[in-house]
Amino acid sequence: MMGPNCLKILEELVEKINLKSDMRVLDLGCGTGLTSIFLANEFEVQIFATDLWISATDNYNRFKKMRLEIFEQSQNIDISSIKEIVSFEEP
């Protein structure tokens, strides 16, 4: 787990957000993907998970092992290039 009580903070955050299964969530600074896994399991949202320091390959393998097929690609990126990688247009 990375960060202080990341799941507790996320639980408090999602109380204020009405997440639906057709939504996409950008988990920036996802670390080892704990918050991404929680969101995928609890809300069945489509996740784009990325972290600057944690290997995207390691996260991808972790998600795959958990059979989380709803994840978008995970890759190490710098936020300044996010528009080149992720489309924020309506599907």
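The values are calculated or read from the model by the stated rules, or taken from the named source; none is laboratory data. Remember, predicted model here, so these are calculated numbers, not experimental data. As a convention, Cβ positions derive from the backbone with ideal geometry for all residues, glycine included, and neighbour counts pool all protein chains shown.
For (1) of a type in the set (D, E, K, R); (2) in contact with a helix residue (DSSP H, G or I) (Cβ under 8 Å, 6 or more places away or on another chain); (3) touching a residue at least 40 places away in the same chain (Cβ under 8 Å); (4) in a loop (DSSP other than H, G, I, E, B), each residue gets a yes or a no:
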residue: 7; (1), (2), (3), (4): no, yes, no, no
residue: 20; (1), (2), (3), (4): yes, yes, no, yes
residue: 41; (1), (2), (3), (4): no, no, no, no
residue: 53; (1), (2), (3), (4): no, no, no, yes
residue: 58; (1), (2), (3), (4): yes, no, no, no
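Given the structure, is residue 51 surrounded by 12 or more Cβ atoms within 10 Å (Cβ to Cβ), among the charged types (D, E, K, R) and modelled with pLDDT of 85 or more? In short, no. Of the listed requirements (1) surrounded by 17 or more Cβ atoms within 10 Å (Cβ to Cβ); (2) over 12 Å from the mean Cα position of the chain (by Cα), residue 57 misses just one: (1).
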